[in-house]
Amino acid sequence: MRLKAGDFDIIVIGGGHAGCEAALAGARMGYKTAVFATNLDNIAMLACNPSIGGTSKGHLVREVDALGGQMGLNIDKCFIQIRMLNTGKGPAVHSLRAQADKHDYHRLMKSTLEKQENLEIIQGEVTEILVKNGRVTGAVTAIGDIYTCKAAIVATGVYLKSRIIIGEYSVNSGPNGYSPANRLSDNLRDLGFKLQRFKTGTPARIDGNSIDYEKMIPQHGDKEIIPFSFLNDTIEREQVPCWLTYTTKKTHDIIRENLHRAPMYSGSIEGVGARYCPSIEDKVVRFSDKESHQVFIEPEGKYTNEMYPQGLSTSMPIDVQREMYRSVPGLENVRIMRPAYAIEYDCIYSKDLKLSLESKAIDGLFFAGQINGSSGYEEAAAQGIMAGINAVQYIRGEEPLILDRSQAYIGVLIDDLVTKGTNEPYRMMTSRAEYRLLLRQDNADMRLTEIGYKVGLVDEKRYDWFMKKRERIDKEIKRLKEFIISPTEEVLKYLEKKGSSLIKSGISLYELLKRPEITYNDIEHLAGPGELKLRQDREQVEVSIKYEGYIKKQLRQAKQFKKMESKRIPIDLDYSKISGLRLEARQKLNEIKPESIGQASRISGVSPADISVLMIYLEKMKRDGGRDGA
Amino acid sequence: MFFEDTIAAIATPPGEGGIGIVRISGSKALDIAKEVFVFGSKKNQTFKDRYLHYGKVVDEEGNIIDEVLLAYMKGPRSYTAEDVVEIHCHGGIIPITSILKEVIKKGARLAEPGEFTKRAFLNGRIDLVQAEAVMDLICAKTEKLAKASINQMEGGLSGHIKRMRERLIDIMAHIEVTIDYPEEDIDEVASQSIRNDINHIVNDIENLLSTAEHGRLIRQGIKAVIIGKTNVGKSSLLNALVKEERAIVTDIPGTTRDVIEEFINIKGVAVRIIDTAGIRETLDQVEQIGIQRSKQNIEHADLIITVLDASSPLEDQDREILEYLKDRKALVILNKIDKPVKLDRKQIEELIGSEIPIVETSLTLGKGIDKVEDIIYKMFFRGELEISDDLMITNIRHQEALNKARRYLLDALEGIDNELPMDIVSIDLRSAVDSLGAITGETVTEDLIDKIFSEFCLGK
């Protein structure tokens, strides 16, 4: 018996990191939203490592925050350690990473969802997506409830037909013993989606009481805490350490002796794993000359002894896991509380999506997170917030919000997935971003908050905060340009102390701040206290002045890039009819259906000459009065 | 206007024409003209719309490249509806490519196949029917270009560029991996070592730019010397090859007395012919200096053309001259076949071996000169390399890419010297890799990430 149980504007299938941001975005923008999870106890579960952020991932969290998302605010509330990585390098690659209390993170996010107006949380496995005349109309749960909707977002993570493998043992299961979603895969196939199978893995969780920390190196958090959210300028909190140890020759010998029992090598895993997330057996095989690998021991939370040994991900049988873990200094007597496992799951081909994350085939059906072939909490959250925004734009009948590669890491992430596709779980990396110096973590609000406000996701409080910050910064930059400092004895003495070349005549503070060795603090020493008191304001001013030359250079490149992005291509263009395009280009273009000339140019197999032909064809179409004039 | 950059290309068919035209289109066309062009008349020093201007094109050092006529057509009343400058120079590959290179040095970008017409269309200058033709043209031209590029792959510039690109990606991977994986125990590469690596690549680029063999043959022409006893017809041969109307005569100062150098054009291939003083034993000191020079010229030549008099028997002197041909690329001409032949061809064949071709001519009657040209062309481009505008263009394209990459690498070096963080230096490296990859349409990101994961052990 199937009964209508409810009617929503937006249905979000999945309550993980993508689903939560998507649901919150929909509801905050004023649309009646429901989020479905197979089990409400696994909402926003940190199923793998208990940490959020890291290189380029930290950037994503800041971007989600700047757009009005939740991840940054919640991790700020529950981190137990936080560090800014890469501080020895340039400002573009500084990256925040926090160790989370994973139970707190779940609880906080569940509570955020519960408090959110316009949002309903429902436990239930969605087994069918309803489609009528090429448009999504609703979803059906396993128990037969029918929910109607205008738009739906599929954010099922790794739960589609998931299978867990531990050595010779395997079971159809989601992460951590949660039920898999077995029927939605078939439904997606029926709807015309092609599916592929990916694999990822996680290490065992070990009992902290059985670890000898004396043999490990402690890793402490930053003394001065820099939070994720722009709404938090500073936070004071007691932090806990992580611990560093190393695998030994014995560890590697145990692995080698038991390789025949590793599912990755015995052939019982069919899914494609990621190169950046190899299991320890993978590392030992592929980099056989490396004598030892790092292992970071990370706490899972404040109220548990469970520890996460980063670096020891494996799908070896449990007896090998035990033996191998115990060969690592400090883990001689370790007790495994939960075994390590590999997990396989179905995901779609991200090339089947538009840049809005909407399906090319079915109107109103959006996809976000690991089902798109990505991996990582942050990558999921970033797609989630965009899918949420664009589901609303779809209902409103307005243009989707598409961030391009020069605007945000989110833009790089989605463009990579949609334009290039991925044949392994996709991870964000700073090296994927061409305009890295523009896409800094310190200026994510400058790049995105206004955009988030315009679509109605950023609230008045955040927007007001942002506008005032921008005003303060503009004013201060103007002041620094106008403030001329003279070569007094005092000034020269200070410059000499700083190892900075001496000035002969007056120089503006602005010019002085450009010197690599001079900081905003130094400027205050020389010219008295500046206008800016907040850490984030001072950082913004310092970075934008100090790296002005390089930033301008990248801005020029970005301008050129934008021009190509702004040349739109009708999505229903039939490339097979365009004479002059090479055959390969026709096939690739028909497959991707790019939305702009810029996107077309990034498709592998499409040459600059093809792009020329395409531009002429489009112009010809335009003059022909929009008729398909091949 | 639709486009921001200024483009340039050779607008005339390759090589053979009496004049060659370099066309420049875009907002900077006139500025570029001002930089490369020197007015012939002192009175008139301004460019007038839709007028022809007489003058010279000069390079950066002020050396005259060619005497030219320059036409200026202000947009939108031009072919592309942009500002257009056309430089009409002497035909032949040397002046026209040299001018094109100067124009590119001053900021124009080498036009893509069919790009002028493409601009004309997109700027509303030509109609729909013509547009079809443009698309086909781009398609056809691209295939030809691709073919030319493949030709070059064999030991040509492309191979070098590819290897250099790989080396740069290697350096980048080492920098990037420490950025994306700051906690892995991977040693940060010392900036000094990156500096050295980049310096090496810059050096290699500079060497490549100056010595690339095909590039040299096209830029400077094949260097050929004519040798033989006096009065066998060396000068007649030179005159026959140098058809006045397409010759560009360069007198090398100080050598006019004994060595005369001329540029000729054989099927689009530039050949620099040097007529040497007759080689014979002499006590005359002045003449001895001349002979000395001749010998040097022979040593450095790409081709030795030996002229023998067929109407007189082989002398010791001829034998000595033929000695020079050993293990060299050479051609023997038996001249004066209109007279009774007294020279034994078989005897010569025995002396020089079967590798060296022999051509019979009567230069006074103009007989056999076609064959000489044909053989010279085939000796250097045995059908493997099609010396055409396409090949030249790929060559210039490669050079353009190399020059661009060089500039970015110098920026990177400057960054290192200013102690900028490596992730910022890496931005310039990425631009350099992109410039090198532009030729083959390769982008950096995927290659870089492949490199990172194949070289380093990373992950949780």
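None of the figures in this text is laboratory data; all of them are computed from the coordinates on show. Owing to the predicted nature of the structure, the values given are computational and were not obtained by experimental measurement. Quick reminder, even Gly has a Cβ in these numbers, built from the backbone with ideal geometry, and neighbours come from all protein chains shown.
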Directionally averaged projected area (convex hull, Cα atoms, region A:40-152), nm²: 9.4
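Students often get this wrong, so check it: of A:552/A:593; A:89/A:553; A:32/A:194, which have C-alpha atoms separated by over 21 Å? Each step should come with its number before you reach the end.
Values: A:552/A:593 33 Å; A:89/A:553 19 Å; A:32/A:194 30 Å.
Table pairs above 21 Å Cα-Cα are A:552/A:593; A:32/A:194.
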Inter-site label distance for residue A:209 and residue A:360 at 7 Å from Cα along Cβ, in nm: 5.7
Full-extension gain in nm, residue A:332 to residue A:548, via 0.36 nm per residue minus C-alpha separation: 72.5 nm
DSSP beta bridge pairing in the protein assembly as shown, given as percent antiparallel to the nearest 5: 65
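What net charge is computed for the residues neighbouring residue A:546, neighbours being all others with C-beta under 13 Å from the C-beta of residue A:546, Lys and Arg scored +1, Asp and Glu -1?
On the way: positive: A:440, A:514, A:515, A:538, A:552; negative: A:442, A:511, A:517, A:522, A:539, A:542, A:548, B:419.
Neighbourhood net charge equals -3.
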Residue-span extension gain [residue A:482 to residue A:250] - 0.36 nm each, minus C-alpha spacing: 77.0 nm
Centroid-to-centroid separation of region B:326-349 and region A:409-428 [C-alpha atoms, Å]: 70
Descending semi-axes in Å of region A:289-438, equivalent ellipsoid built from Cα gyration tensor: 39, 17, 15
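Sequence gap at least 6, Cα distance under 8 Å: using those rules, report the relative contact order of region A:341-381 to the nearest whole percent.
Averaging sequence separation for qualifying contacts and normalising by length gives 33 percent for region A:341-381.
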Region A:227-320: relative contact order in percent, alpha carbon pairs under 8 Å with at least 6 residues between: 35
Cα centroid separation, region A:482-544 to region A:450-468 (Å): 32
For region A:405-512, the fraction of alpha-carbon pairs in successive 10 Å shells from zero, as %: 12, 25, 23, 21, 14, 5, 0
R0 of 56 Å, Cβ-Cβ distance residue A:566-residue B:311: FRET efficiency to nearest 0.05: 0.15
Rg in Å to one decimal, and Dmax rounded to a whole Å, for region B:333-374 via C-alpha atoms: 10.9, 29
Entries of B:295/B:342; A:57/B:451; A:4/A:102; A:77/A:454 with Cα pairs more than 30 Å apart: A:4/A:102
Cβ-Cβ FRET estimate between residue B:44 and residue A:577, R0 fixed at 60 Å, reported to 0.05: 0.65
For residue A:6, net neighbour charge (Lys/Arg +1, Asp/Glu -1) across residues whose Cβ lies under 14 Å away: 0
Region A:95-219 - convex hull of the alpha-carbon atoms, volume per residue in Å³: 209
Region A:443-497: proportion of alpha-carbon pairs further apart than 18 angstrom, %: 54
Aspartates and glutamates whose Cα lies under 13 Å from that of residue B:106, excluding same-chain neighbours fewer than 8 positions away: B:5, B:31, B:35, B:59, B:60, B:400
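Taking 25 °C and 0.890 mPa s as the conditions, I'd like the Stokes-Einstein D for region B:5-108 in µm²/s, using the Kirkwood hydrodynamic radius from alpha carbon pairs. It would help to have the intermediate numbers written out before the result.
Values: Rh = 13.3 Å.
Approximately 184 µm²/s, per Stokes-Einstein.
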Chain A - share of DSSP beta bridges that are antiparallel (%, nearest 5): 70
Normalised contact order of chain A, rounded percent, pairs of Cα under 8 Å and 6 or more residues apart: 16
Kirkwood-type radius of chain A, with distances r between different C-alpha atoms, in Å: 26.3
Calculated FRET value between residue B:204 and residue B:419, using beta carbons and R₀ = 22 Å, to 0.05: 0.30
Dmax and Rg, reported as Rg then Dmax, of the protein assembly as shown (C-alpha, Å): 35.9, 120
Eligible lysines near residue A:475 by straight Cα distance, threshold 19 Å, same-chain separation 8 or greater: A:514, A:533, A:546
Counting all C-alpha pairs of region A:492-541, share separated by more than 15 Å (%): 44
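In region A:187-259, which GluC sites (Glu not before Pro) are in a loop and have at most 15 other Cβ atoms within 10 Å, using DSSP for the loop call? Intermediate results must be reported in sequence, preceding the final value.
On the way: sites: A:214, A:224, A:236, A:238, A:257; in loops: A:224, A:236, A:238.
Loop-located and lightly packed - A:224, A:236, A:238.
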Tail beyond 15 Å, pair distance distribution of region A:113-158 (Cα, percent): 51
Within straight-line cross-link reach of residue A:250, lysines at Cα separation under 18 Å, skipping those fewer than 8 residues along the same chain: A:215, A:283, A:290
